[in-house]
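See below for the structure under consideration.
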Amino acid sequence: METIIQKTGKILYVLNRKGKRLLSTRVLRNHTSVILFIMLVCLVTFLTIFWGLGYRASRVIVYTSAALTALFVALIFIGSWHEARRLRQNEIISCFLFKRGNINGIQLQDLGFSDSDCGNLNLILNNLAPKHKIDFKLVSDNRAAADYKKLFRILHLLIDGGIRDFKKERKEMLFKFIESTFTLNGSEVNRASLNSRFSEWVNESKTEFSENLDPFRKILGQ
């Protein structure tokens, strides 16, 4: 009995492994192979059902063709919908949930933006790509370069859950989002400065962190 169980178990293991390999390398290779596999399985199923119900050959062909056509259209629609969803999820702009849908009525100059960028900011808040990069103009103490930490504070207040606790993948997404969305006082974002300023910002004391957020909370009405 033990030998029989071991041998049948080994056979099932091999069949399962080969089945998974066939499924991943042949069937799930791409959208086309998946659709063709489903269509083939359904073709056999429809033929079996219609023949089993006793329909004449002409009716079997007509009904099967109609069912397969409807199935094909449905599969194309579902595949297109999933592909569009995948592309959207892979967009950096779609990686964050914003607390508000627009920034209308806010004094944008106080946030370091031009009034002309209101439309682009609203696009961002609705997870849409801006028409062009937005220039952030609030400068740091040296009065020359834009202050990365001030931009972090604004984003921290706008993004649901804040950004202070971002680690690894989330922080990388944030940096890519900033690089693709903003310029800093006319200059492209410097990744080294971005990383070092973020580290400085997250390591501020609790009191300092809160006090530095207060002016932006008032501007945003939070």
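What Kirkwood hydrodynamic radius do you get for the stretch 94-220 when you take the inverse of the mean 1/r over all pairs of distinct Cα atoms, in Å?
Hydrodynamic radius (Kirkwood, Cα pairs) of the stretch 94-220 is 14.8 Å.
Could you list 164, 56 so that the one with the fewest beta carbons within 10 Å of its beta carbon is first and the one with the most is last? Let's see the in-between values first.
On the way: 164 14, 56 10.
Sorted ascending by nearby Cβ count, the order is 56, 164.
Could you go through the stretch 164-170 in sequence order and give the Karplus-derived ³J(HN,Hα) for each residue, using 6.51 cos²θ - 1.76 cosθ + 1.60 with θ = phi - 60°, rounded to whole Hz, and x for Gly and Pro?
4, 8, 5, 10, 6, 4, 5
Distance from a point 7 Å along Cα→Cβ of residue 74 to each backbone N in the stretch 32-62: keep the residues under 18 Å and list them by number.
Taking a point 7 Å out along Cα→Cβ of residue 74, the residues of the stretch 32-62 whose backbone N falls under 18 Å are 34-50, 62.
Toward the positive end of the charge dipole of the stretch 94-220, about the Cα centre and with charges on Cβ (Lys, Arg +1; Asp, Glu -1), which of 121, 104, 174 goes farthest?
174
Can you list residues whose amide H is under 5 Å from residue 183's amide H, if they're 5+ apart or on another chain and H is modeled 1.01 Å from N?
134, 135, 136
Taking amide hydrogens as modeled 1.01 Å from N in the peptide plane, which residues meet the under 5 Å criterion relative to residue 204, leaving out close sequence neighbours?
none
Read the figures in this text as sums done on the coordinates, not as results from a lab. Quick caveat: nothing in here was measured; it's all calculated off a predicted structure. No Cβ is skipped: glycine too gets one built from the backbone with ideal geometry, and neighbour counts run over all protein chains shown.
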